[in-house]
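J.: This is the structure I have questions about; it appears just below.
What follows draws every value from the coordinates through simple rules; no lab data is involved. Note that this is a predicted model, so its numbers are computed, not measured. Ideal geometry is used to build each Cβ from the backbone, glycine not excepted, and the neighbour counts take in all protein chains shown.
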Amino acid sequence: MGYGIDFTADIFLSRVTINNEYELDSLIEETEESIATTKTSLSMLASSNIRDVTPKEWYEEPIRWVQRQVDDLLQVLSDDIQFLQNLRYYKEYLDAQNH
C-alpha cells in the first residue's frame, strides 16, 4: 500500500458566483482557455526577434520591456492555474455531495 498525507483544506473562491454545474464547467473551460492563451503569448515572446515585438517607446530598453511582459504573463498564468485547481476541487466536492 502507498503512503501519503490526507488532509482537508478550506478554499474560498473569491468574487465567484456559481449557480449550477453547467456554470462551473463553463468557468473551468474559460480558465483552461486563458491558460492556453497565456502559454501561447509566452511562446510567441520567446521565439520573436526582440526588436520586432518591442514598442518604439521601449526601443532603448527592449530586454527590460520583454522581462516585464514575461513577468506579467507568468503572474497571470500562476493565478489562473491556482484558480483552475480550486475550481476542480470544488467540482470534486460537489460530485462527492451528489453521490
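J.: Could you calculate the contour length gain from Arg88 to Ile18, that is, 0.36 nm times the residue separation minus the distance between their Cα atoms, to one decimal place in nm?
T.: Between Arg88 and Ile18, full extension yields 23.9 nm more.
J.: Given bins 5 angstrom wide, list per bin the percent of all Cα-Cα distances in the stretch 41-93, short to long.
T.: Percent of Cα pairs in each bin: 4, 19, 20, 17, 11, 9, 8, 6, 4, 2, 0.
J.: Still on this structure, please answer the following. Order these peptides, 79-87, 53-61, by their mean beta-carbon neighbour count within 10 angstrom, highest first.
T.: Listed from highest to lowest mean packing, they are 79-87, 53-61.
J.: A further question on this structure: Have a look at Arg88, Arg15, Arg51 and tell me which one the Gaussian network model of the chain (Cα, springs below 10 Å) gives the largest fluctuation.
T.: Arg15
J.: I would also like to ask the following. Nearest 20 debye, what's the magnitude of the dipole of the chain about its Cα centre given +1 on Lys and Arg Cβ and -1 on Asp and Glu Cβ?
T.: 380 debye
J.: Could you give P(r) for the chain, binned at 5 Å from zero, as whole percent values over all Cα-Cα pairs?
T.: The distribution over the chain is 2, 11, 16, 16, 13, 11, 10, 9, 6, 4, 2, 1, 0, given as percents.
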